[in-house]
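This report concerns only the one structure given below.
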Amino acid sequence: MALGGAKASLSIAIKYSATRLTVGSKGKSDAAILSYQLQQHALLPLLARTFALNVGLDAVKRQWAAQDPEQHQEVVAMCCALKPICSWHLEHLVSVCRERCGGQGYLSCNRFGTFIGLAHAAMTAEGDNSVLIQKVAKERLEMFKVRPTSPVSENVTSVEELINLINIRENMLFSGLGAALRGAKGRDGLFERWMYEQNENIQNAGKTYGERIVAEEFKRVIDQTEDNTKDILHSLLHLHLLSYTRDNAAWYLTREVITPRQSEQVSTEFDRLCAELTPHALHLVESFRITDEMISAPIARDWVRFNEVDNRGELDEF
């Protein structure tokens, strides 16, 4: 549900951004807004993350269908991690897409309002997201084993290095959380630590576990891909990981996992990949196979014809 809304929102925003012309370098309205770095940096990482979450969610569904009793606790933790991650993703994505479509995005006929409502429902349906992440952290802490990692390389921008950083983050968060709880005195002390003192570490630990599942599964799928989609899928995973590391740079820097120069490396590579993937953006959203009739948003179709008359934002004549 959440990923379906994300795909529809991206389809609408990217199709509009590729056709909405604005002032270019010659002072004429001859440049699509998708050519602007502002638009690329807003939409392309969300597109890459949607692909990554789709692969991760498919893997979790397969594990649920094929699970045996010994895997049950692990599979439940995976489900409880992916549900919040996917619904939070939709809530953030649809708000960004609406904003990047300007006043047109505000019209109800262009459907972003529908998907915002869907996101808000998804964040609390079948369990409040943050409470589910608490459950993930608790159950993973009980099963936690330090994951194998490598020393951080001088250049951290490769897919392998970025996944290594996620593993390092997961180890540090769960190890730190375990140490904090071991210092609690009795049942009351444990409750105090868990509910009143360690919330940020609990939430970060549970989310990082989910992010690692997604990243590793996407890489596994790409490694097994042999057709001509391999390169573009690799670029999507790469941008997704760069965006994640960039968003969490403060955590990595304050704990001296990476240096300021390495953080700059990530930002530079992020800029490059956003520009490199932009020419493929329309083909990527078309791969979702959402028809014009299913999207039913004028700005994703012939929005010029839609605005030829004073339609007052209604679809009667379209």
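Could you calculate, for the stretch 147-217, the ratio of the Cα radius of gyration to the Kirkwood radius, expressed as Rg to Rh? Expressed as Rg/Rh, it is 1.10. Remark: the Cα gyration tensor places the stretch 88-159 in the oblate category, a/c being 1.5 or greater and a/b not exceeding b/c.
The share of accessible area on the stretch 117-193 that comes from carbon and sulfur is 54 percent, using a 1.4 angstrom probe.
In whole percent, how big is the carbon plus sulfur part of the accessible area of the stretch 1-113, probe 1.4 Å, protein atoms only?
Details: 2650 of 4860 Å².
The nonpolar share, carbon plus sulfur, comes to 55 percent.
Basic side chains Lys and Arg get +1 at the Cβ, acidic Asp and Glu get -1 at the Cβ, and with that the dipole of the chain about its Cα centre reaches some 460 debye.
Shown in residue order for the stretch 212-221 are the 3J(HN,Hα) couplings computed by the Karplus curve 6.51 cos²θ - 1.76 cosθ + 1.60 at θ = phi - 60°: 5, 4, 5, 5, 5, 5, 4, 5, 4, 4 Hz (x for Gly and Pro).
Rg and Dmax of the stretch 1-122, based on Cα coordinates, read 17.7, 66 Å.
Taking all protein chains in place and a 1.4 Å probe, what share, in percent, of the accessible surface of the stretch 221-275 do carbon and sulfur account for?
On the way: 1350 of 2860 Å².
Percent of accessible area from carbon and sulfur atoms in the stretch 221-275: 47.
Mean separation of Cα pairs under 8 Å and 6 or more residues apart, divided by the residue count, gives the chain a relative contact order of 28 percent.
What pairs in Lys7/Lys207; Lys15/Lys207; Lys7/Lys135; Lys145/Lys230 have C-alpha atoms more than 25 Å from each other?
Values: Lys7/Lys207 22 Å; Lys15/Lys207 31 Å; Lys7/Lys135 28 Å; Lys145/Lys230 32 Å.
Where the Cα-Cα span goes over 25 Å, the pairs concerned are Lys15/Lys207; Lys7/Lys135; Lys145/Lys230.
Put simply, the amide H of Ala32, placed in the peptide plane, has neighbours under 5 Å in Thr22, leaving out anything fewer than 5 places away on its chain. Report summary: the helix-based calculation at 222 nm, which adds -39500 (n - 2.57) for every DSSP H run with n ≥ 4 and divides by the residues of the chain, gives -22500 deg cm²/dmol. Helix 159-182 and the longest principal axis of the Cα set of the chain meet at an angle near 50°.
Might you tell me the accessible area per residue for the chain, computed with a 1.4 Å probe and given in Å²?
Numbers: 16020 Å² over 318 residues.
Heavy-atom SASA per residue in the chain reads 50 Å².
Normalised by the number of residues in the stretch 136-201, the mean separation of alpha-carbon contacts (under 8 Å, six or more apart) gives a relative contact order of 27 percent. Along each principal axis, taking the top coordinate minus the bottom one, the Cα set of the stretch 157-283 gives 58, 32, 23 Å in descending order.
The values are calculated or read from the model by the stated rules, or taken from the named source; none is laboratory data. Note that the coordinates shown come from a computational prediction; the quantities given were computed from them, not determined experimentally. Note that each Cβ is placed from the backbone with ideal geometry, even for glycine, and that neighbours are counted across all protein chains shown. Accessible surface areas use protein heavy atoms only, side chains included; no ligands, DNA or RNA. Shrake-Rupley method; radii C 1.70, N 1.55, O 1.52, S 1.80 Å.
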